[in-house]
Every structure is written in structure tokens, then in C-alpha cells.
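Visitor: Before I ask anything, here is the structure I am working with.
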Amino acid sequence: MSTTATPSSSAPGPADADCLFCRIVAGEVPATVVATSEHAVAFRDIDPQAPVHVLVVPRAHHRDVVSLAAADPALLAAVVALGDEVARAEAGGEFRLVFNTGAQSGQSVFHVHGHVLGGARLGWSPG
């Protein structure tokens, strides 16, 4: 799969050696990858909360979605586009895309990632 968005810098930013998702992107930690693009990688969540639960991460390390949007809006668009491609392929294009920002919101890996959730009627229980 490929995206049409063109981030301002096609080369990934510096990887964080302690970041699990940087290590997955680098191929150092195994993951079930379902899609890739020049700028992002999508892989299955190890604790799925829906029939389709895929994480989409930029290849470049950014702490959270706000940092990514400020630094490289086109890269954020590329992440969203890859999420859309995954959702079209696996959930008929009907999906929820969630970015948690900060520990209190549920972010446990501090490398921005969107959760593509779908494959069933989704309820709403953020609290």
C-alpha cells in the first residue's frame, strides 16, 4: 500500500533506541505488519479492543500527535492515509481512528500512533 501525501522530509527522523515502535519500524522487534508506505507502518495491536485493531505509526519518531502535527503536518496526513487504506481493506472503510496523547489518556508508548478500530459496531466508553 502507498499513500499520496508527501511529508516535507521523506527521511525518517532520529530513532529513539529505547522506543518500542522505533524498534518495530527498524525490524528489530517482531510485529504483524499489515501495511507499509514510505512514511508509515501499520501493524496489529497485541491486545486488540475490536475485531480490527491496527496501529499506524510514522517511521520518524515523534512523541505524540500534537508534536507530529506541529513538526510535519504532511507526515500526519500520511499516517492517516495509511490508516484509511488499512480500514478500507479490513473494515469496509468504516472505522474509528484514535490518537491518545499523554499517560492519563492511555498513551503507553510515546511514539505517536493511531489506533484503527473497526470490524464491528463500536460503542462509546472513553471513561
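Taken together, the values in this text are just the output of simple stated rules run on the coordinates, not laboratory data. Values in this document were obtained by computation on a predicted structure and should not be read as measured data. A quick note on method: Cβ atoms are made from the backbone with ideal geometry, for glycine too, and the neighbour counts reach across all protein chains shown.
Visitor: 5 Å is the cut-off here: which amide hydrogens, built 1.01 Å from N in the peptide plane, fall below it relative to Ala40, excluding neighbours closer than 5 in sequence?
Guide: Placed amide hydrogens put Arg59 under 5 Å from Ala40.
Visitor: Right, here's the next one. So what's the angle, to the nearest 10 degrees on a 0 to 90 scale, between helix 73-91 and the longest Cα principal axis of the chain?
Guide: For 73-91 against the chain, the angle is about 30 degrees.
Visitor: Compute from the Cα atoms of region 25-94 the Rg and the Dmax, the latter being the longest Cα-Cα distance, and quote both in angstrom.
Guide: 12.1, 33
Visitor: On to the next question. Could you work out the relative contact order of the chain, using alpha carbon pairs under 8 angstrom and six or more residues apart, expressed as a whole percent?
Guide: The value is 29 percent.
Visitor: Hey, can you rank 33-43, 115-125, 68-78, 54-64 by average C-beta count inside 10 Å, highest first?
Guide: The densest-packed peptide leads the list: 54-64, 33-43, 68-78, 115-125.
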